[in-house]
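Each remark here refers to the structure printed beneath this line.
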Amino acid sequence: MSQVGGHLLTSSAIPFFGPLINLPLFDWGERHAALRARNHLLQAALLDYRQTVYTAVAETEMALARLHAAQVRAARSTLQVQAMHRVAHAAAVRNQLGLNSGLALDQARTALLKAELAANQARTTAGVNLVALYKALGGAALPSMRTKTRR
């Protein structure tokens, strides 16, 4: 081999360090489409997030309204129980004085029991609605009784 041929076979490249510029000329449309797709996914995620927030706010407001209505019913039923106590007491006094029959006393006691039952149901409903509001606000589940007794 000649000396010229020997130089062609050996590498005489000079190493180069520096920034490399890559101009993607042929895949610009693909990159633009991918960017638009990512923007659409971002918009969809944002709409989903907004819908979730609106739903959570609506659930919280409804739970708060239900709790308020149940508390008002419980307060009214408590007042009704107090009124029925007075009616039953008056019927008992009239019965002792012989001014009315035992049937009127029994009716007054029955009305008192019904009012007490309605008051208990109203308080139970208020308690359930309080738990619903707690959950709507993101409250965690309460620990079970077993974990409390193990300590």
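The values are calculated or read from the model by the stated rules, or taken from the named source; none is laboratory data. Just so you know, these numbers come straight off a predicted model, no measurement behind them. Positions of Cβ are backbone-derived with ideal geometry, glycine not excepted, and every protein chain shown enters the neighbour counts.
Assorted remarks:
- The requirement of being modelled with pLDDT of 95 or more, surrounded by 13 or more Cβ atoms within 10 Å (Cβ to Cβ) and in a helix (DSSP H, G or I) is satisfied by ALA115.
- Taking the numbered list (1) surrounded by 16 or more Cβ atoms within 10 Å (Cβ to Cβ); (2) under 33 Å from the mean Cα position of the chain (by Cα) in turn, ALA88 passes all entries but (2).
- Matching residues in region 61-75 - criterion: being charged (D, E, K, R) and free of Cβ contacts under 8 Å to residues at least 12 places away in the same chain: GLU61
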